[in-house]
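Just so you know, all these numbers are worked out from the coordinates, no wet-lab data involved. Quantities reported herein were computed from a predicted structural model and do not represent experimental measurements. When we count neighbours, we look across all protein chains shown, and the Cβ atoms used for this are built from the backbone with ideal geometry, even at glycine.
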Amino acid sequence: MKLLLLLAWRNIWRNKRRSILTLLAIVFATFLAIAMRGIQLGTYDVNIRNALQVFSGFMQIQKAGYQSNPSLNKNFKLTPEIVQAVKSHPQVKGYSPRVMADGLISFKDYSQGTAIIGLDPKLEKSTTNIIDKIQEGRFFSADSENEIVVGYKLLKNLKAEIGDEVVILAQGTDGALGNLKFKIVGTVKLGSYEFDAMSAFMKLQNAQELVTMYNRVHAIAISLYKLSDIETVRDELESEISNDKIAVLPWQKVMPDFKQSIEFDNVSGIFFLAILIVIVGFGILNTVLMSVTERFNEFGVTLSIGMKNAKLVILVFIEAGIIALLGILIGNAVGVGINYYLVQNPIEFAGPMAELYAEYGFLPVIRSSLDPMIFINNSSMILLISLIACIYPAVKVYMLEPLKGIRYT
């Protein structure tokens, strides 16, 4: 084996130009794949965190079946046991109980359907950044009475202004229609057309009074310090609550559309990387095939003096493996540098591009990731495709006969 390694190393540098070009191709493919995948996953992480912190939280506690078919009557009692179970986890950053209902908001001659969202501003501050999304005015405080914050588009549709009083009509859990008068104290811009055109945020107690749901809620939004803790905390909460009528749902089930959009983009990114790696594979195939073909005479002589075809096949794989490993190592070094720089110095868009991102609820930021699996997966794929590319040249070497090799021109 030592002799084969020595022969492989010498054979690689017999044609320095070809070997260097192949090495550079592998280096380029490796660091490009690592950089692209790092940027893709890093940007996903930033935008997932942003989306979860806007409203939904990292996970939610709901009545079983509420997510698939929301109903006013699918609520549960906010017991001290449930609250204690949530607060007992050190991974939990904050939690916020919610009441959600449909209603009709009216101002003078204008009326529109609205999504009523009752929450506790003190608890919400540690759970999401809804309060930071104020566009005009202010957010209602915990001790305020009958104050609401609406989506900025809803305010425009009602032809109202901050400080105006509106009436919200909603059906309660008892079937009766209730109504309350509220003062608009601010507007929010969440980056979602539906939220900005329909949402009306009010104090949790006001919402419970409006829909006759005293001490009952539809969901508890939970925020964590790390995305990676979601499954662990969810499993623990389910066992601690031990109530089959209450479900603990991760963000993927609370926001299925958002999850699908990320998965679709992720598949397109993987497809592009696959094309890149296959192109590199064809380049390696061409290099190895040329290297093998031009040495058929040498192989023929070697076989005629007793060398086994299998050893020549191993030699071909060792040569390709050495070039691939060198290229992968250099490419990883470059990829680490690029990804580290983008982690420390994210690219932030400004102007019209930033406004476009914000309009759809995304952060105008490109950031990378240093997740070890990015380097392991891409390096493994490039090494694998490099070895696969050697199969055809290796078969030709294995089938080579001594006399045909010596006579080959």
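Which Cα, out of Val395, Gln344, Leu329, lies furthest along the positive dipole direction of the chain (beta carbon charges, K/R +1, D/E -1)?
Checked the options; the winner is Val395.
Arrange the following residues from fewest to most other Cβ atoms within 10 Å of their Cβ: Met59, Met373. Mind dumping the intermediate values first?
Values: Met59 28, Met373 10.
The order, fewest Cβ neighbours first, is Met373, Met59.
With an 8 Å cut-off on Cα pairs and a minimum separation of 6 or more residues, tell me the relative contact order of the stretch 110-193 in percent.
Values: 115 pairs, mean separation 29.3, N = 84.
The normalised contact order for the stretch 110-193 reaches 35 percent.
Tell me the label-point distance for the pair Asp371, Lys87, using the 7 Å Cα-to-Cβ offset, in nm and rounded to one decimal.
3.4 nm
Give the angle, between 0 and 90 degrees and rounded to the nearest 10, that separates the Cα long axis of helix 16-51 from the longest principal axis of the Cα atoms of the chain.
Tilt of helix 16-51: around 10 degrees.
Treat every Asp and Glu Cβ in the stretch 154-213 as -1 and every Lys and Arg Cβ as +1, leave all other atoms uncharged, and give the resulting dipole magnitude about the Cα centre to the nearest 20 debye.
Values: 6 positive and 7 negative charges, 30 e Å.
The dipole magnitude comes to about 140 debye.
Mind scanning Lys189/Lys226; Lys108/Lys183; Lys63/Lys125; Lys125/Lys203 and naming the pairs with a C-alpha gap bigger than 21 Å?
On the way: Lys189/Lys226 26 Å; Lys108/Lys183 13 Å; Lys63/Lys125 24 Å; Lys125/Lys203 13 Å.
Violating the 21 Å limit, Cα to Cα: Lys189/Lys226; Lys63/Lys125.
If one computes P(r) from the Cα atoms of the stretch 1-68, what percent of pairs lie at distances over 14 Å? Working shown, then result.
Numbers: 1751 of 2278 pairs.
Percentage above 14 Å: 77.
On a 0 to 90 degree scale, rounded to 10, what angle separates helix 2-12 from the longest Cα axis of the chain?
80 degrees
With a cut-off of 8 Å between alpha carbons and a minimum separation of six or more residues, what is the relative contact order of the stretch 65-243 in percent? Each step should come with its number before you reach the end.
Numbers: 368 pairs, mean separation 56.8, N = 179.
Here the relative contact order equals 32 percent.
With runs of 4+ DSSP H residues as the only contributors, calculate the mean residue ellipticity of the chain at 222 nm using -39,500 (n - 2.57) per run, divided by the residue total and rounded to the nearest 500.
Numbers: 16 runs with 217 residues, N = 409.
My calculation for the chain gives -17000 deg cm²/dmol from helical runs alone.
In cubic angstrom, how much convex hull volume per residue do the alpha carbon atoms of the stretch 195-237 span?
Details: hull volume 5.4 nm³, N = 43.
Convex hull volume per residue, Cα atoms: 126 Å³.
Which value, to two decimals, describes the C-alpha radius of gyration of the stretch 270-409 once divided by 2.2 N^0.38 Å?
Details: Rg = 22.6 Å, N = 140, 2.2 N^0.38 = 14.4 Å.
Normalised by 2.2 N^0.38 Å, the Cα Rg of the stretch 270-409 equals 1.57.
Evaluate the charge dipole of the chain about its Cα centre and quote only its size in Debye, nearest 20, assuming +1 on the Cβ of each Lys and Arg and -1 on the Cβ of each Asp and Glu.
Working: 39 positive and 36 negative charges, 422 e Å.
So the dipole magnitude of the chain works out to roughly 2020 debye.
When the Kirkwood radius is taken over all Cα pairs of the stretch 26-105, what Stokes-Einstein diffusion coefficient follows at 25 °C and 0.890 mPa s, in µm²/s? Walk me through the numbers on the way to the answer.
Values: Rh = 16.5 Å.
In µm²/s, the coefficient rounds to 149.
Run through all the Cα pairs of the stretch 366-409 and give the fraction in each 10 Å bin from 0, expressed as whole percent.
Pairs per bin, as whole percents: 21, 27, 20, 15, 10, 6, 0.
Can you report the principal axis dimensions of the stretch 184-293 using only the alpha carbons, biggest first, rounded to whole angstrom?
84, 39, 23
Where the only charges are on Cβ atoms (+1 Lys, Arg; -1 Asp, Glu), what is the dipole of the stretch 69-140 about its Cα centre, to the nearest 20 debye?
Numbers: 10 positive and 7 negative charges, 45 e Å.
Once rounded to the nearest 20, the dipole reads 220 debye.
State, to one decimal in nm, how far the label point of Thr232 lies from the label point of Leu104, with both points 7 Å from Cα in the Cβ direction.
5.1 nm
Determine the gain in length on full extension of the stretch Ile347-Phe28; use 0.36 nm per residue of separation and subtract their C-alpha separation, reporting nm with one decimal.
Details: separation 319, 0.36 × 319 = 114.84 nm, distance 2.20 nm.
Extra length from Ile347 to Phe28 when fully extended: 112.6 nm.
Report the relative contact order of the chain, percent, no decimals, based on alpha-carbon pairs under 8 angstrom and at least 6 residues apart.
It rounds to 26 percent for the chain.
Would any residue of the stretch 317-354 have its amide N under 19 Å from a label point 7 Å out along Cα→Cβ of Val395? List them or say none.
The answer is 317-318, 320, whose backbone nitrogens lie closer than 19 Å to the label point.
Per Stokes-Einstein, at 37 °C and 0.692 mPa s, what whole-number D in µm² s⁻¹ belongs to the stretch 65-243, with the Kirkwood radius over Cα pairs as the hydrodynamic radius?
On the way: Rh = 17.0 Å.
The estimated diffusion coefficient comes to 193 µm²/s.
Just subtract the alpha-carbon distance of Leu3 and Asp45 from 0.36 nm times their residue separation and send over the number in nm, one decimal. Mind showing how you got there, number by number?
Values: separation 42, 0.36 × 42 = 15.12 nm, distance 4.87 nm.
Using 0.36 nm per residue and subtracting the Cα-Cα distance, I get 10.3 nm.
Length gain on complete extension for the stretch Lys259 to Asn243, per 0.36 nm per residue less the alpha carbon to alpha carbon distance? Working shown, then result.
On the way: separation 16, 0.36 × 16 = 5.76 nm, distance 2.70 nm.
Roughly 3.1 nm would be gained on extension.
Pop a pseudo-label 7 angstrom from the Cα along the beta-carbon direction at both Leu325 and Ile406 and give the gap in nm to one decimal.
Those two pseudo-labels are separated by 3.5 nm.
Given a cut-off of 19 Å, what percent of all Cα-Cα pairs of the stretch 55-141 lie beyond it? List each step's numbers first, then the result.
Details: 1966 of 3741 pairs.
Across the stretch 55-141, Cα pairs with separations above 19 Å total 53 percent.
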